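Chemist: My structure is below; once you've seen it, I'll send some questions.
The values are calculated or read from the model by the stated rules, or taken from the named source; none is laboratory data. A quick note: this is a predicted structure, and the numbers were derived from the prediction, not measured. Glycine gets a Cβ as well: all are built from the backbone with ideal geometry, and neighbour counts include every protein chain shown. Side chains included, ligands, DNA and RNA excluded: accessible areas come from the protein's heavy atoms. Shrake-Rupley method; radii C 1.70, N 1.55, O 1.52, S 1.80 Å.
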Amino acid sequence: PEVIEQIRALKTITVTEVASGQVHKFSGVVQATDTSSLSFEVSGNVKEVRVELGGKVKRGQVLAVMDSQPYRLAVQAAEASLSKDKADMEKARLEFTRQKTLFEQDWVSKAAYDQALASYKSAKSAVKYSTSQLNLSKRDLKKTVLKAPFDGTIAKRKVDPHVEVRTGQKLFEINASGALEVALEIPETAISRIAIGTPVLVTFH
């Protein structure tokens, strides 16, 4: 008899890669890579605030201005003091030159010469001190204007016009433009499973 070929049914199985590890979810905060807290380096009354929260700023842009009148007066006083000390130094120099000439001719005593020399040195020291005070006053005057150190966004604003502020009091926080980073906390039980280069999925809510 004729042999009839039988077709056998085959059971197919799809082979897949077995998943390894577990999925971990962590909450975090996206923040600027570079951020800076800004404050005046001198104390006084804030006259103007020229930026708003969330505003974009450029490097060197003025953020706030302090009442500079007291510092301008301090500069004027330092300039007047320096002028007076320079005039006194010139008088002391002339007197020292005169006493030196007389001493070399044996017309005055060594004590008179030494006194004139001491007065001249003291006058020179006074001029140096007054010059330093003037430079400090000018520096403080410049610090009555607060400027942005780099391009960025105003993340915090803690000052309004006509408010008295102290030296070093934090008034603004600025986030630099550019790269961002995610700051998050990872439990100690999971930290050993994470390594540099591990792929992650970041979602925003």
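Chemist: How high is the relative contact order of the chain? Use alpha-carbon pairs under 8 Å, at least six apart in sequence, and give a whole percent.
Modeler: Working: 266 pairs, mean separation 81.9, N = 205.
Relative contact order, the chain: 40 percent.
Chemist: May I pose another question? Any chance you could run the full-extension gain for residue 102 through residue 195? It's 0.36 nm times the residue separation minus the Cα-Cα distance, nm to one decimal.
Modeler: Length gained between residue 102 and residue 195: 24.8 nm.
Chemist: Using Cα-Cα distances under 8 Å and only pairs 6 or more residues apart, what relative contact order does the range 117-205 have, in percent?
Modeler: It comes to 21 percent, rounded to a whole number.
Chemist: In the range 120-205, what GluC sites (Glu not before Pro) fall in a loop by DSSP, with at most 14 other Cβ atoms inside 10 Å?
Modeler: Answer by residue number: 185.
Chemist: Amide H to amide H, which residues 5 or more places from residue 150 or on other chains are under 5 Å from it, using H placed in the peptide plane?
Modeler: Hits under the 5 Å cutoff: 60.
Chemist: Kindly provide the trypsin sites (Lys or Arg not before Pro) of the range 98-205 that DSSP labels as loop, not H, G, I, E or B, and whose Cβ sees at most 13 other Cβ atoms within 10 Å.
Modeler: 166, 170, 193
Chemist: Modelled label-to-label distance, residue 93 and residue 180, 7 Å Cα→beta-carbon offset: nm?
Modeler: 6.4 nm
Chemist: Let's test the formula: R0 of 35 Å, r as the Cβ-Cβ distance of residue 43 and residue 128. What FRET efficiency results, to the nearest 0.05?
Modeler: 0.80
Chemist: Eigenvalues of the Cα gyration tensor times 5, then square-rooted: what semi-axes does that give for the range 128-188, in whole angstrom, largest first?
Modeler: Over the Cα atoms of the range 128-188, the semi-axes work out to 36, 16, 13 Å.
Chemist: Hey, another quick one. If you take the beta carbon distance between residue 35 and residue 169 as r and set R0 to 22 Å, what does 1/(1 + (r/R0)^6) give as a FRET efficiency, to the nearest 0.05?
Modeler: Using R0 = 22 Å, I get an efficiency of 0.80.
Chemist: Quickly work out the residue 86-to-residue 58 label distance, labels modelled 7 Å from Cα along the C-beta direction, and quote it in nm with one decimal.
Modeler: Result for the modelled spin labels: 3.8 nm.
Chemist: Based on the Cα coordinates of the range 63-205, what is the per residue volume of their convex hull in Å³?
Modeler: Details: hull volume 37.5 nm³, N = 143.
Looking at the range 63-205, the number lands at 262 Å³ per residue.
Chemist: Considering only 163, 175, 136, whose Cα is most displaced toward the positive end of the charge dipole of the chain, charges sitting on Cβ of Lys, Arg (+1) and Asp, Glu (-1)?
Modeler: Of 163, 175, 136, it is 136.
Chemist: Turning to a different aspect of this structure: Measuring with a 1.4 Å probe in the full set of protein chains, what accessible area per residue, in whole Å², belongs to the chain?
Modeler: Working: 15820 Å² over 205 residues.
Per-residue accessible area for the chain comes out at 77 Å².
Chemist: Out of 107, 74, 120, whose Cα points farthest toward the positive end of the dipole of the range 57-205 (charges: +1 Lys, Arg; -1 Asp, Glu; placed on Cβ)?
Modeler: Checked the options; the winner is 107.
Chemist: Still on this structure, I have one more. Please list, in chain and number order, the residues 5+ apart from residue 34 or on another chain whose amide H is under 5 Å from its amide H, with Hs placed from the backbone.
Modeler: 176
Chemist: Ok, one more. Tell me, which longest segment in the chain has none of the chymotrypsin sites (Phe, Trp or Tyr not before Pro) that fall in DSSP loops with at most 15 further Cβ atoms within 10 Å?
Modeler: Longest stretch, sites excluded: 27-106.
Chemist: Additional query: Nearest 10 degrees is fine. How inclined is helix 69-104 to the longest principal axis of the chain, computing both from alpha carbons?
Modeler: Between helix and principal axis, roughly 40 degrees.
Chemist: So what's the net charge close to residue 97: Lys and Arg +1, Asp and Glu -1, counting the other residues with Cβ under 12 Å from its Cβ?
Modeler: So the surrounding residues net to +1.
Chemist: Using just the helices of the chain, give the 222 nm mean residue ellipticity in deg cm²/dmol: DSSP H runs with n ≥ 4 each add -39,500 (n - 2.57), and the total is spread over all residues, rounded to 500. Don't skip to the answer; put the middle values down first.
Modeler: Numbers: 3 runs with 73 residues, N = 205.
Taken over the chain, the calculation gives -12500 deg cm²/dmol.
Chemist: Return an integer: the convex hull volume of the alpha-carbon atoms of the range 78-117, in Å³ per residue.
Modeler: 44 Å³
Chemist: Give me the percent of the accessible area of the chain that comes from carbon and sulfur atoms, probe 1.4 Å, all protein chains in place.
Modeler: Numbers: 8540 of 15820 Å².
Here it works out to 54 percent.
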